[in-house]
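The values are calculated or read from the model by the stated rules, or taken from the named source; none is laboratory data. Predicted model only: the values in this text are computed from it and were never measured. All Cβ positions, even for glycine, are placed from backbone atoms using ideal geometry, and neighbour counts span all protein chains on display. In case anyone asks, the SASA skips ligands and DNA or RNA and just uses the protein heavy atoms, side chains included. Shrake-Rupley method; radii C 1.70, N 1.55, O 1.52, S 1.80 Å.
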Amino acid sequence: MNITIEHPFVLVVEGKDEERFFGALLRHMGISNVQVLGIGGKANLTRHLKGLVLTPTFSQVVGLGVMRDADHDPAAAFQSV
């Protein structure tokens, strides 16, 4: 996954649907300094988070959020993040 960090705040989400939803929500709210990154599914979460922090421009990130579906086991979802 090639990532270019373009904003000081990054929101990592599971997939394209979440990426579109949160992108639209942020635009609707007039928030333009948050970059929404879809990771292609929860199975990729650990690998892509590790890759994200190795991105040369990660030092410009001020805030990082992770949004993940709880599915049927909220405790396991929280633990995976």
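Here are a few things to note about the model shown:
- For region 1-77, the relative contact order comes to 44 percent (Cα pairs under 8 Å, sequence separation of at least 6).
- Apportionment of accessible area to carbon and sulfur, region 12-81, percent (1.4 Å): 60
- Within region 1-25: backbone nitrogen closer than 16 Å to the N33 label point (7 Å, Cα to C-beta): 6-11
- Accessible area per residue for region 1-76 is 65 Å², calculated with a 1.4 Å probe on protein heavy atoms, without ligands, DNA or RNA.
- Hydrodynamic analysis of the chain uses the Kirkwood radius over alpha carbon pairs. Inserted into Stokes-Einstein at 25 °C and 0.890 mPa s, it gives a translational diffusion coefficient of 187 µm²/s.
- Region 11-52 shape via C-alpha gyration tensor axes, a/c threshold 1.5: oblate
- Under the combined filter of DSSP loop state and at most 11 neighbouring Cβ atoms within 10 Å, the chain retains these GluC sites (Glu not before Pro): E6.
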